[in-house]
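Below you'll find the structure, written out as structure tokens, and then a few comments.
The values are calculated or read from the model by the stated rules, or taken from the named source; none is laboratory data. The structure presented is a predicted model; accordingly, all values stated were derived computationally and were not measured. Cβ sites come from the backbone with ideal geometry, for glycine too, and all protein chains shown count toward neighbours.
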Amino acid sequence: MAAPAHVITLGIEPDINKNIRAWFKQFNFLPPIPLTAGQVDTVAFDVSFEHLLELLIKSPFKNFILVIHGHVDGSGLYIPLAPASSKKNTEHWDLQKLMDVDAGLSKMSPADTARMGISHHHLEKILGLMRQVRKRGIDCIEFRSCNLGKNIMSLNRFRQFLGARLAGGPDLHTLFGLPGTLVGQEFLNTHMHHHPGGNWETYKFPHAFGEPHLVCCF
């Protein structure tokens with residue numbers, strides 16, 4: 001039976017937020033648990049990991065679908081730890097350091113503070129919010145953050161920090177929307193010629209008989 005979840009997006013572009021709302025309005029289903037959207041909130045301002053913690057504390061749900069841009073290597077999320085942080089991302093290293101400090105296993109050095117880009121005030125605030133989130137007893141978090149599931153250590157540290165029983169994330173690029181679609185053997189043979197400038201990654205979905213009959217290019 002599908003479980004209701006709170007869908008929260010942070011730092012996502014307006015067009016993608018529109019697609020996310022449309023998806024859950026039309027289908028209201030997200031594998032693999034599966035989860036359905038009981039509430040959808042798209043957050044465009046004051047985006048930070050600190051703010052995410054505050055939203056999790058206020059939510060009446062036990063399951064969450066979090067849509068946040070992720071690093072290509074799965075090391076973290078493209079949101080700062082705190083508002084006005086000098087570092088614009090949150091890495092699993094940051095979370096492990098914070099958990100070690102909270103457990104009395106480590107202390108913050110000036111180098112740690114500089115690397116994480118947060119003040120002592122926000123350090124204490126994030127640790128306090130972490131304890132409150134853990135008390136909520138979150139059951140499941142499905143991240144829809146590109147490649148976060150590629151790094152199992154990273155994904156597990158996010159799960160531990162948030163105190164969730166389960167956490168999942170994609171091990172490849174992910175999107176909500178309607179990407180251009182072309183079919184036919186000619187396209188399969190020449191799809192690389194359609195890539196505009198920039199770094200592209202091609203996923204091949206294998207056919208039961210061997211050769212891939214579908215490619216998806218990001």
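A few comments on the model shown:
- Segment 167-218, subset more than 29 Å from Ala22 (Cβ to Cβ) and acidic (Asp, Glu), residue modelled with the lowest pLDDT: Glu211
- The set of residues from segment 145-184 being within 24 Å of Ala3 (Cα to Cα) and of a type in the set (Lys, Arg) comprises Arg157, Arg159, Arg165.
- Subset of segment 184-205 (residues that are in contact (Cβ under 8 Å) with a residue 24 or more places away in the chain and in a strand (DSSP E or B)): Tyr203
- Conditions (1) in contact with an Asp or Glu (Cβ under 9 Å, 6 or more places away or on another chain); (2) not in a strand (DSSP E or B): number failed by Ala167: (2)
- Check on Thr181, among the hydroxyl-bearing types (Ser, Thr, Tyr), in a loop (DSSP other than H, G, I, E, B) and loosely packed, with under 15 Cβ neighbours inside 10 Å: yes
- Scanning segment 160-177 turns up no residue that is free of Cβ contacts under 8 Å to residues at least 40 places away in the same chain and aromatic (Phe, Trp, Tyr).
- Residue pairs meeting the criteria (Cβ under 7 Å; at least 6 apart or on separate chains; first among the hydroxyl-bearing types (Ser, Thr, Tyr), in segment 32-48; second part of a strand (DSSP E or B)): Thr36/Pro4; Thr36/Ala5; Thr42/Thr9
- Test: residue in segment 5-17 that is polar (S, T, N, Q), crowded, with 16+ Cβ neighbours inside 10 Å and either at pLDDT 95 or above or assigned to a strand (DSSP E or B) (or both): yes
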